[in-house]
Every structure is written in C-alpha cells, then in structure tokens.
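To start, the structure itself, in structure tokens.
The values are calculated or read from the model by the stated rules, or taken from the named source; none is laboratory data. The structure displayed is predicted, hence computed values, not measured ones. Glycine gets a Cβ as well: all are built from the backbone with ideal geometry, and neighbour counts include every protein chain shown. Each accessible area value is taken on the protein alone, full model and side chains, heavy atoms only, with ligands, DNA and RNA left out. Shrake-Rupley method; radii C 1.70, N 1.55, O 1.52, S 1.80 Å.
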Amino acid sequence: MAGAKEIRTKIKSIGSTQKITKAMEMVAASKMRKAQDRMAASRPYAERIRRVIHHMAHAHPEYRHPFLEHREARRVGLIVVSTDRGLCGGLNVNLFKAVIAAMQEWEQDGLEIDLGVFGVKAQQFFRRLGGNVVSETTHMGDAPRVADLIGPVKVMLDAHVEGRIDRLYLAYNRFINTMTQRPVIEQLIPVEPEEDPELRHHWDYIYEPEPQPVVDALMTRYIESLVYQAVVENVASEMAARMVAMKAASDNAGALIDELQLAYNKARQAAITQELSEIVSGAAAV
Amino acid sequence: MAMTIHVDIVSAEREIFSGTATMVFAPAEMGEVGIAPRHAPLLTRLVPGEVRVRDQEGREQSFFVSGGMLEVQPHLVTILSDTAVRAVDLDEAKALEAKRRAEEALHERKGEIDYARARAELAEAVAQLRTIEKLRKRRGGS
C-alpha cells in the first residue's frame, strides 16, 4: 500500500494548493472590479485637463511651455509601470519585451535612456539587467494615489526642464478586457495637442498672477494625470491577468487530482487483489 | 430665466460635481474669485479652500479643494482639484525620495543594459508560459 499512501498525500497537497488558487482568483476578480471603477473615476479629470491643455495650445500666450516644444532628442526618459507582485501570467514579461525592443531601437539611434520605474517587478528586472534608473517607486498598493506619483514624475519633468532628457515616454499594460491586456508605450513629452480648426482665432486667457507658473502647474498636473491613469489601468490589468492565471491553475489542479485519484484507486484495487490471492494461496497450501 | 454656466469639479481620483450654476466662487491664488456667466477666459491656480456653487434657486453647495487649477470659458468653468496638498518643497522632497531609492540600488547594477541577456531571459519566460498553455490545452482536449 506504499504507493497508494504516497498518492493520497499528493492529492491532499494539490487539493490545498487548489483551494489557495481558487481564493486568489476570487480576490483578484473583486479587486479587478474595484480597479475598473477607479479607472472610470479618473477619466473625467483626464478628459477635462486634456481639454484645457487643448484650449491653451490654441491660445496665443506670450509664454510657450517647454513640454509643447519639439527638441532634437539626445536622451529620452521612459517611465515603466509594472506590478508589485507576480502570479499574473505573462503580464510583466510581455511589457518588458516591448520595453526592451523600444529601448534597443532608441539606442541604435544613438539615444541614451533614463528610466523611471514603478513596481517591484520592473525594479528587479532592471536591477538584474542594468539600465540607468533615476527613480524607483514600489508598493503603491491596489489603490494607488496621485500623491505617490508626484515625486517620481517630478524627477522626470525636472530632467526635461533642465535639458537632461528631451522626450518622455510611458510604458504600461492597457486594459482591453478581462482576457486581453496589451503593453503600450506612449509619448508624454512633447505633448501633442489635437488640431481643431474651430479654435484658430486669436484669443488668450487672462492668467493670474502670471502665465508661467499657471501653465507650469497645469502641465505638471496633466502629465501626472496621464501617469496616474496608466498606473490605475495597470492595476486593473494585473488583477485581470491574475484572475485568468489563477483560474487556469485551479483547473489544472482539478485535472491533476482526477488523474491521481484514478491512479490511487487502481493501486488500492491492486493491493486488495494481491492480499486476497495471498490468503487464497495460503489457504490452499494448508 | 437667469443665465447659467456649466460647472465641472473633478479630481484625478474621482468626479466631484457636474452641473449648472448662476455663480461660482473659488479660492484663487490672488484671492477669492466669483465667476458669473460670460466671464472672460481665465486660467489660475487655486489654494486650499472652499468652492461654492450657486444654482438657479439661489441655493449654495460647497466643496473643499486642497488646491488645484481653475479654467474659465464664457459658459464653462472647470475646476481641477488636487487630491494631495502641494507645495514646492513638499514635491521636492518626494522627488528626492524617489531618486534616493534608485541611487541606493545603483551599486548592485550596471549602467549598460545587457540586451542579449534581457532578450534571452524574456524569451525563456515566454516559452515557459507558452508550454504551460499548450499543456493545458492538451489536457483540456483529452
């Protein structure tokens, strides 16, 4: 019965793993819904601020913000938004693949790259593989706050203002739906306002007190809101990916248990048959 | 009917108010401003304080903002509220914190990226995932 006992222990251990993956799946599902709500809640602000930037880009101010200017690029900044925890399928791996491909392309064009990383996974990835990381932010939790982003975003914006980087990009996982998350790399700076022929007449805001600080504050908030949206969207992607991965794990565990159960029954049956034949042959010998 | 103006108050984390008003008061940097319909286009920063929105019946609703931006178009007022208290030195401290964390780890990291190694590692991870996927399909199909 030695084989049967081993199988039984194995079944028990897989069963308890399955319990954990099932629980994780359910937790991820509920967290995903919350993350989706946060994504929806952050949209009005992003839309409004985009509209204000758009208005401003078409106004004719005496001060034009550097984020709107196209400069010859020598060095670019890249913000990589990853997750803090694993067990979410290929989410981070796919993102890093896209990031590495883009970085290599830039490097071939002779551009240097400054990295700003969000999340433990990106931190570990670039620690292992090198790369000029200028800011790191981890453990923002499932409900990231704008306050957590101000610092790391400022590092990049300051670098741009001081001329250390000429362009800024943002890499994260876009939440398409529960089954699909797509890694994307977006350009943050220079800001590209949409064209609108209706706004071509000459006008300008009244700026109080001065155009420069007002426009600076607005631009900073605009970039922050874009990064915040990316972070929130990445959390939703993480939860969706984890939910799917954990569902697959639970299904696999179920299939494995079925197989092992069959093997156990066979081993048990064989043991009984053997015992019986021993008794019978023993009786016959007497 | 009294003239009205559309008001949106939003913060990065949620929408706070959206509706029409006859008058809006906001704590601008240079002092409190009152915005009536057809106000000239205005862009200013807000300081922490109270935003009051007066509707057609003369009732006032008030909201607290911890700073932000105010944009005025002739028939539209947008208040972009901050969710965190902002100050130059406070922001600076946060930026330094993020930088410090990056620098702390610098000694265990090379400046140059080893692209070949990165690709190999990623390819391996992708292959693993694909194998798992295949195994699962086979198992599911049998």
- [ ] Working from Cα positions, state the angle (0 to 90°, nearest 10) between the long axis of helix A:2-58 and the longest principal axis of chain A.
- [x] 10
Task: Calculated P(r) tail over 13 Å for region A:212-286, as whole % of Cα pairs - done: 80
TODO: Partner chain Cβ atoms within 10 Å, averaged over the residues of A:205-213 - can you pull that number for me?
DONE: 4
Open item on the list: Can you compute log10 of I(q)/I(0) for region A:14-57 with the Debye formula, treating each Cα as one identical point scatterer, at q = 0.17, 0.27, 0.33 Å⁻¹?
Closed with: -0.61, -0.85, -0.98
Open item on the list: What does the buried accessible surface come to for B and A, summed over both chains, with the probe at 1.4 Å? Round to 100 Å².
Closed with: 5300
TODO: Per DSSP H run of n ≥ 4, the term is -39500 (n - 2.57); total these for the protein assembly as shown, divide by its residue number, and report the mean residue ellipticity at 222 nm rounded to 500 deg cm²/dmol.
DONE: -18500 deg cm²/dmol
TODO: Over chain A, calculate the relative contact order: mean separation of alpha carbon pairs under 8 Å at least 6 apart, over the residue count, as a percent.
DONE: 34
Task: By accessible area with a 1.4 Å probe, ligands and nucleic acids excluded, highest first: order of A:His55, A:His70, A:His160, B:His39 - done: A:His70, B:His39, A:His55, A:His160
Task: 5 Å-binned pair-distance histogram of region B:5-87 (Cα, whole percent) - done: 3, 16, 31, 27, 16, 5, 1, 0
Open item on the list: Could you work out how much longer the chain between A:Gln212 and A:Ala255 gets when fully extended? Use 0.36 nm per residue separation minus the Cα distance between them, nm to one decimal.
Closed with: 9.0 nm
- [ ] Give me a single rounded figure for A:153-159: the average over its residues of other chain Cβ atoms within 10 Å of their Cβ.
- [x] 4
Open item on the list: Heavy atoms of the protein only, probe of 1.4 Å, neighbouring chains included. What is the accessible area of A:Lys19 in Å², nearest 10?
Closed with: 150
Open item on the list: Along the Cα→Cβ direction, 7 angstrom out, place labels at A:Arg33 and B:Glu104. What is the inter-label distance in nm?
Closed with: 3.7
- [ ] With all protein chains present, calculate the accessible area of B:Arg45 using a 1.4 Å probe and round the result to the nearest 10 Å².
- [x] 60
TODO: With label points built 7 Å along Cα→Cβ from the Cα atoms of A:Ile279 and A:Ala98, find their separation and express it in nm.
DONE: 6.7
TODO: Work out the mean other chain Cβ neighbour count within 10 Å for the residues of A:37-43 and drop it here as an integer.
DONE: 3
Task: Per residue accessible area of region B:5-87, 1.4 Å probe, in Å² - done: 40
Task: Sites A:Ala147 and A:Ala40 - FRET efficiency at Förster radius 22 Å, r taken between beta-carbons, to 0.05 - done: 0.60
- [ ] Within 10 Å, count the other beta carbons around each residue, average over each peptide in A:151-159, B:96-104, and list them highest first.
- [x] A:151-159, B:96-104
Open item on the list: Between B:Ile132 and A:Lys22, what is the label-point separation in nm under the 7 Å Cα-to-beta-carbon projection?
Closed with: 2.0
Task: Cα-based convex hull volume of region A:110-152 per residue, rounded to whole Å³ - done: 75
TODO: Considering the convex hull of the alpha carbon atoms of chain B, report its projected area averaged over all viewing directions, in nm², one decimal.
DONE: 17.2
Task: Evaluated over chain A, the Cα radius of gyration and Dmax, each in Å - done: 28.3, 116
- [ ] Using only Cα atoms, find the angle between the long axis of helix B:88-104 and the longest principal axis of chain B, and express it within 0 to 90 degrees, rounded to the nearest 10.
- [x] 0
- [ ] Keeping all protein chains in position, work out how much accessible area B:Thr131 exposes to a 1.4 Å probe, and write it in Å² to the nearest 10.
- [x] 70
TODO: Can you tell me which of A:246-252, B:5-11 comes out highest on packing, and rank the rest after it, using the mean Cβ neighbours within 10 Å?
DONE: B:5-11, A:246-252
Task: Mean-position separation - Cα centroids, region B:24-45 and region A:129-147, in angstrom - done: 36
Task: Gap separating the Cα centres of region A:24-51 and region B:61-98, nearest whole Å - done: 21
